[in-house]
Structures are given as structure tokens and as C-alpha cells.
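K.L.:
Got a structure for you, questions after.
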Amino acid sequence: MKQPWIFLFFLLCTASLVAAEPVKPIPAFVLGPPGRNEGQALRDLANHPEQWEQIRNRAGNLLYADHVLNRQNPEDETLTELFRKFREMNLPLQLEVGTVKPWGKTGAEVFAIQKPMWERFLRCGAWIDSIALDEPLVCCTFVLVEDLNGVEPLEYAARETAEFIALVRRDYPDWQIGSIEGFPSLSAEQLIKWIDLLETKLAAKGVRGIDFFRIDTDWMHFVHDTKKGSWRDMKQVEDHCRRKGIPFSVIYWAANYPAMLRQDLADDLTWYVGVLQMGYAYAAVGGKPDQIVVQSWVAGPNTILPETKPFTFTNSARDLLERFLP
């Protein structure tokens, strides 16, 4: 009579061990080149690996928006050659993707729209190992709030994002999935609630939680309004992720660049100083993310390579890493 119970106990223990199996650690450094000029920065990186050897050997992912990559490379032959070069560099691709957007208000709808792009990339030889979800809570809170049929933005965003993640986990089980959200457009309290609710929704579906949480900090808000947020508030989010065992990722960028551009004061030096300024400011409050992401979606810097030339995009990444990721 005891044997069936012993067998059941064995199965339960085995299931627990599988569920507790640690996932692959996230890379400590990700590079996200600007997507302007029809992808010239990405082509420069592909064609001149010798000009960014130091940071290339440290980068775990090359980050690019899926729809931009698809639009800028309409010919499969071009994509195939691009992916071949990055494979030769042993550099996998991380796609920044939509989750809830004005063009797709549910996770299932957005997944169905984007999947053909991903399949095209894979057919062309892309080495995709992760995706980063582009600010679904920001979108629901500030863009789609009138379209949610009375559902609270946090609840709606978490529900649809969990559905999206479940679909990705089903069809691409080897991909890591991370959540990006904006700060201080969303407060530290809102971000902490977001992380907890999203993890709860995923657990209820029997789906593995997020592999990282990434914060996109517009630190110029700290300059204009000290009550809007602070580096210490951002550190609270890092501490919460640490307690939950979720790797914490930070985008380092020159948040002052757009304002300087409007005053005709922006150049490559503006970008470089802004990136390093963010590095020092966050380190000053004890900030130490698990992952550093150097990414530009603004007009600068103009010069991408080489990493040894002062104030280029790759030079800013190299010097940031030397100081904060030795």
C-alpha cells in the first residue's frame, strides 16, 4: 500500500527539481547601436570587427529592435550576410520587441504580428537568444489608457504581457525574456508592483518568470524636478529585484542629448559625457546592476567606430565598462 505513495512522492520531488533548475545567467554587457541612417551603425559593426575588439569580446548580446531590423533589410541576402558576420564574432542577437502597443492591444495580437519577422530572421541564419519587451506598462499607462475598457493599466499590462510571454515560451523555449520599463515616468513603487504582479500572472499560468528586469532611466527628469525621482529611488528597484532573484539590467545613455540638440550644443562629446555621468551618478548611491546596456535611440553620437577614438559610441561603452564593469 505504501509503494504508490512513495512513487508519487518521487514524482513530486522530481518536478520540484525541474522547476527549480537555474536558468542561463544573463550577460553582463549588451550593446545596442543606434538604428538611424538605415542601419549604418549596425553595418559598420558587422564590417569592422577589428575596430571594436575590446568591447566585442565582452558583449554578450547585440541589441536591436525587431521591426527596425526587418524594415532596414528588405532583402534576405542582406540579412543572411549580416547574421553570418555576427555569428563569426560569436555574438548572439537580442531583439527589442513590442508586447502591448497601439497597433496591437493584446499580447496574442502583438505576438502574431511579430512572429513572422522572427521566423524570417531565423531562416536567414540569425542567432537569437533573447528578447526584451518594450515598456508595456508605460504604453498602457500613458498611451492606451483610454482603450482599456475600464481595466486598470497595471492589471491590463500584466495580463497581456503574461499571455505574450507564455506564447514566446511555448514556441521559443530557449530564448530568455526580459521586461523593460521607463523611470521615472513610472515611479519606483509602480515598477516594484509591476515586477511582482507580472511574476504572479506568469506563475498562475505555469510559465517561467522573466529572466531580467531592465530599467530605462530618463535622468534629465532628476535635473528638472527632484521630486519626480532619484538615483536612490532607482536603487530601490534594484534591491527589490535582488531580493526576488531577478537579474537587474540598466540602460546607460545620454539623457541630456535631446535637450542639448535643441540648443545646438549636442555632439559626440555630449553623448560620451552623458553616458559616463550616468555611470558615476548611479554608482554614487551604491548602484551595481547585474547587466550594463549601452544603447542609443537618439540622434547621437554621430561616430560609431573605432573604440579607441575619443567620444565615439563604442569608445563610450569601452570606458564605461572599464570603470564600472572591470
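K.L.:
What do you get for chymotrypsin sites (Phe, Trp or Tyr not before Pro) in segment 226-326 restricted to DSSP loop and a cutoff of at most 16 other Cβ within 10 Å of the site's Cβ? List each step's numbers first, then the result.
P.N.:
Values: sites: Trp231, Phe248, Tyr252, Trp253, Trp271, Tyr272, Tyr280, Tyr282, Trp297, Phe311, Phe313, Phe324; in loops: Trp253, Trp297, Phe311.
Sparse-neighbourhood loop chymotrypsin sites (Phe, Trp or Tyr not before Pro): Trp297.
K.L.:
Right, something else. Nearest 10 degrees, 0 to 90: what angle lies between the long axis of helix 76-88 and the longest principal axis of the chain (Cα atoms)?
P.N.:
Taking Cα atoms only, the helix is inclined about 90 degrees.
K.L.:
While we're here: Round to a whole angstrom and tell me the spacing of the C-alpha centers of segment 265-326 and segment 148-167.
P.N.:
34
K.L.:
Using the Cα centre of segment 26-324 as the reference point, and only Cβ charges (+1 on K/R, -1 on D/E), how large is the resulting charge dipole? Debye, rounded to the nearest 20.
P.N.:
Numbers: 33 positive and 42 negative charges, 115 e Å.
The dipole magnitude comes to about 560 debye.
K.L.:
To continue, here is another question. Roughly what angle does helix 153-171 make with the longest principal axis of the chain, taking Cα atoms, 0 to 90 degrees, to the nearest 10?
P.N.:
Long axis of 153-171 versus the principal axis of the chain: about 80 degrees.
K.L.:
Express as a percent, rounded to the nearest 5, the fraction of DSSP beta bridges in segment 13-128 (both residues included) that run antiparallel.
P.N.:
Antiparallel: roughly 10 percent of the beta bridges in segment 13-128.
K.L.:
Okay, moving on. Relative contact order for the chain: what percent, with Cα pairs under 8 Å and sequence separation of 6 or more? Kindly include the intermediate steps, with their values, before the conclusion.
P.N.:
Values: 506 pairs, mean separation 56.7, N = 326.
Normalised by residue count, the contact order of the chain is 17 percent.
K.L.:
Sort segment 26-324 into rounded, prolate or oblate with this rule: let a ≥ b ≥ c be the square roots of the eigenvalues of the Cα gyration tensor; rounded if a/c is under 1.5, and if a/c is not under 1.5, prolate when a/b is larger than b/c, oblate otherwise. Present the calculation step by step, with values, prior to reporting the outcome.
P.N.:
Numbers: a/c = 1.59, a/b = 1.11, b/c = 1.43.
Since a/c reaches 1.5 but b/c is at least a/b, the shape of segment 26-324 is classed as oblate.
K.L.:
Summing -39500 (n - 2.57) over the DSSP H runs of n ≥ 4 in the chain and dividing by its residue number, what mean residue ellipticity at 222 nm do you reach, to the nearest 500 deg cm²/dmol? Let's see the in-between values first.
P.N.:
Details: 14 runs with 168 residues, N = 326.
One gets -16000 deg cm²/dmol as the mean residue ellipticity at 222 nm.
K.L.:
Turning to a different aspect of this structure: May I ask you to derive the relative contact order of segment 201-304, considering only C-alpha pairs under 8 Å and at least 6 residues apart, and to give it as an integer percent? The partial results should precede the final answer.
P.N.:
Details: 119 pairs, mean separation 31.0, N = 104.
So the answer I get is 30 percent.
K.L.:
Shifting gears a bit: Give the order of Ile304, Ile192, Ile210 when sorted by the count of other beta carbons within 10 angstrom, beginning with the fewest. Let's see the in-between values first.
P.N.:
On the way: Ile304 25, Ile192 17, Ile210 22.
In increasing order of surrounding Cβ atoms, one gets Ile192, Ile210, Ile304.
K.L.:
Among Leu45, Tyr257, Pro74, which residue has its Cα positioned farthest towards the positive end of the charge dipole of the chain, with +1 placed on the Cβ of Lys and Arg, -1 on the Cβ of Asp and Glu, and the dipole taken about the Cα centre?
P.N.:
So the residue we want is Leu45.
K.L.:
Along Cα→Cβ, 7 Å out, is where each label goes; now give me the distance between the ones at Lys244 and Asp174 in nm to one decimal.
P.N.:
So the label points at Lys244 and Asp174 sit 2.8 nm apart.
K.L.:
Moving on to the next point. Fewest first, what order do Leu276, Leu186, Leu265 take by the number of other Cβ atoms within 10 Å?
P.N.:
Values: Leu276 17, Leu186 23, Leu265 12.
In order of increasing Cβ crowding within 10 Å: Leu265, Leu276, Leu186.
K.L.:
Follow-up. By how many degrees, between 0 and 90 and to the nearest 10, does the Cα long axis of helix 268-284 differ from the longest principal axis of the chain?
P.N.:
50
All of the numbers you see were taken from the coordinates with simple rules; none came from a lab. All values reported here derive from a predicted model rather than from experimental measurement. For neighbour counting, all protein chains shown are included, and Cβ atoms are generated from backbone atoms with ideal geometry for every residue, glycine included.
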